[in-house]
Each structure stands twice: as structure tokens, then as C-alpha cells.
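Asker: I am attaching a structure below and will ask some questions about it afterwards.
The values are calculated or read from the model by the stated rules, or taken from the named source; none is laboratory data. Keep in mind that what you see is a predicted model, and the values were worked out from it rather than measured. For neighbour counting, all protein chains shown are included, and Cβ atoms are generated from backbone atoms with ideal geometry for every residue, glycine included. Only protein heavy atoms, including side chains, enter the accessible area calculation; ligands, DNA and RNA are left aside. Shrake-Rupley method; radii C 1.70, N 1.55, O 1.52, S 1.80 Å.
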Amino acid sequence: MLESQPVTEPTHRVALVIQYLGTHFHGWQRQKQHRTVQAEIETAIAQVQGFHVTLHGAGRTDAGVHAAAQVAHFEATGFIPPHKWASVLNSYLPQDILIRAAASVDHHWHARFSAAYRRYRYTIYTEARPNLFVRPFSWHYYYAPLDECLIQAALAPLIGKHHLAAFHRAGSKRQHSWVEVQAAECHRSGPFIHIEIQANGFLYGMVRLLVGMLAQVGSGKLTLASFTELWKTQQREQVKHAAPPQGLCLLRVGYPDFPFPPEIWYETQPKLVFPTNIPLEYPLADHLDLNSHPLS
């Protein structure tokens, strides 16, 4: 039976940059009845150290939400060098979690409280036909055309510090709904629309509720003025559409003093983009005999 951490053994704080596919997880935070990312990593650490420790994450993603560069820390003991923890833990972890890197940090450094911002990306797939290979990482929105320019116009007034109770799901322990939005962008690449939001912190369910309403704006079902009035006057009862979880990814977490180089954490979710080299015709069809068997 695993015990608690020995109080007499010296510790050092280890920071981790973590990727996970959220499809089969019930979110980040440890829960008794469900599979979670935090619990899986804590179990792996306990298998190495022989006792349980708490893994502190920069943010709590919901069930089904992915992370390209989640950040967490824990107190390590023993002989393993801090930078070796990534490879050690990866040998114990399931295939849908990957530790990209590990490093030693000061005991005053905290994955959650030292963070200057979090940035999320939401991907919408607007092609009429479904695509199995983008399904796990996007919202297939085929109900109506979406205007990315309208979505960007709706995002612009959100920059700054606002009371965003309209996008705050019930069940949160947070006592207020103030959020400082630092960046909000919308870009299209063919059938893919990417919405990125950066803030000092996020409310429970905020991005999915926000994107669900932005889709209403982009489809013309909700005017720009009505959308802005809705969140400025905190009309939570009017926010009835939440985007599904699989299109959402915690893209990165930023710190004033981060021990990892940018290639480890800055832009590690490959963007779904529209290929620009698709031929207008099928050139092989002109000189191939499609009736012949290649092995005959």
C-alpha cells in the first residue's frame, strides 16, 4: 500500500509540460468515479517514488477537452534528475498522455498561481461532408455557413477586463466572474475556423459557452449588437448553446519565468488547415487504364 510522502526526505519541485488527448478523460481534475489526467499522472509518479503526491495543474480542462501544453508541478524526492522525469513518467503513462519535458523550478514557483496567461484554441470544421480524421479535434458545424469576419467583430469588444458571468457555467466554486481577456482572434483556412482566446484565467465552461454563441453570430442568427449586449448585461439565461468539447484545446500557459524553450510549449497543437495544392483535375486519369488490373 502506498503511503504519504515522508516528511524527513528533502524534496525538489519539478515542472512538467503535458499533452493529452481528452477524448477518453473526464477532465483534468482527480475524481473518484472517473478517469482523469491528474489521477493518471499522480499514479505514475507514485509508482516511481513509492508514495502519493499531489500534482498541481495550471488549469482544469473539462471532460473531452485536449491540451497541447498543460503545465503542472509536483514535489519529487530521490535520485532522479528533474529533467529525466519526462522520459521516466512516459514509460508508465497511457498512450493518450505525453510529458513533453520536465525541469527543476524554485519552490516559490507554482504552475497555477505563477501563470500570467492561458490560451485556448477552438477548431470548427464547416465542410458539409463529415471527415473521420478531423472529428476528434473539431466541431463539425454544417448547419449553416459561418462568417469568420462576424465572429472576429464579436470578439473585439471582449478585449480587456470584463465581468463575464454570461459565460460562467453553474457548479463553479469561483466567487466572481471577472476575466482579463488579453487576445481574441478568429482565422479561417478553407473549411476550418480557428478561434483563439487568451486570458489571465478562465471561468468554468467559459470558452465552450462563448464559442457556442459566436456560432450564432457567425451564422447570422444573432446580431453583433445583441451578442455584445448579452454579455455586457450578464444575461446568462440567454446563453443556451455550448460548443462540444472535442474542438477545444488548451494551447499553452505563459509564465514570466519559464524553464522551457518555446519549441516545447508555444505552438504544439498542429493546426487543421485547408491544403492549397489540390489539383482541379485528376491528371492520372488521362493516361491510366482504369479497367486493367495492376497485377495482371
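Asker: State whether the residues of segment 135-158 include one that is touching a strand residue (DSSP E or B) at 6+ places or on another chain (Cβ under 8 Å), open to solvent by 10 Å² or more (accessible area, probe 1.4 Å) and β-branched (Val, Ile, Thr).
Answerer: no
Asker: Exactly one of these conditions fails for residue 111: (1) over 19 Å from residue 218 (Cβ atoms); (2) assigned by the TED database to the domain that holds residue 231; (3) in a loop (DSSP other than H, G, I, E, B). Give me its number.
Answerer: Of (1) over 19 Å from residue 218 (Cβ atoms); (2) assigned by the TED database to the domain that holds residue 231; (3) in a loop (DSSP other than H, G, I, E, B), only one is false for residue 111: (2).
Asker: Under the condition of being closer than 28 Å to residue 214 by Cα and not in a strand (DSSP E or B), which residue from segment 247-271 is least open to solvent (accessible area, probe 1.4 Å)?
Answerer: Checking each candidate, the answer is 247.
Asker: Return a yes/no flag: does segment 128-145 have any residue that is assigned by the TED database to the domain that holds residue 211 and part of a strand (DSSP E or B). Even if it seems obvious, please write down each step before you answer.
Answerer: Taking segment 128-145 as the starting set, the residues that turn out to be assigned by the TED database to the domain that holds residue 211 are 128-145.
From what's left, part of a strand (DSSP E or B): 139-140.
Within segment 128-145, one or more residues are assigned by the TED database to the domain that holds residue 211 and part of a strand (DSSP E or B).
Asker: Being of a type in the set (Asp, Glu) and open to solvent by 40 Å² or more (accessible area, probe 1.4 Å) narrows it down to one residue among 96, 106; which is it?
Answerer: When all the criteria are applied, what remains is 106.
Asker: OK, next. If a residue has to be open to solvent by less than 10 Å² (accessible area, probe 1.4 Å) and of a type in the set (Val, Ile, Thr) to count, how many in segment 210-236 make the cut?
Answerer: Of the residues in segment 210-236, 2 are open to solvent by less than 10 Å² (accessible area, probe 1.4 Å) and of a type in the set (Val, Ile, Thr).
Asker: Continuing with this model, one more query. Looking at segment 234-251 only, could you name the residues that are without any contact (Cβ under 8 Å) to a residue 60 or more places away in the chain and either out of contact with any helix residue (DSSP H, G or I) (no Cβ under 6 Å at 6 or more places or on another chain) or at positive phi (or both)?
Answerer: Residues satisfying the conditions are 237, 240.
Asker: Still on this structure: Within segment 160-170, track down each residue that is under 20 Å from the mean Cα position of the chain (by Cα) and open to solvent by 50 Å² or more (accessible area, probe 1.4 Å).
Answerer: Once the filter is applied, which keeps residues that are under 20 Å from the mean Cα position of the chain (by Cα) and open to solvent by 50 Å² or more (accessible area, probe 1.4 Å), segment 160-170 yields only 169.
Asker: Taking residue 110 and the conditions (1) touching a residue at least 24 places away in the same chain (Cβ under 8 Å); (2) in contact with a helix residue (DSSP H, G or I) (Cβ under 9 Å, 6 or more places away or on another chain); (3) closer than 30 Å to residue 257 by Cα, which numbered condition does it fall short on, given that it satisfies the others?
Answerer: (2)
Asker: Could you list all residues from segment 178-205 that are in contact with a strand residue (DSSP E or B) (Cβ under 7 Å, 6 or more places away or on another chain), closer than 20 Å to residue 63 by Cα and not in a strand (DSSP E or B)?
Answerer: 201, 202, 203
Asker: Could you tell me how many of the residues in segment 44-65 are more than 22 Å from the chain's Cα centre (by Cα), among the polar types (S, T, N, Q) and surrounded by fewer than 19 Cβ atoms within 10 Å (Cβ to Cβ)?
Answerer: 1
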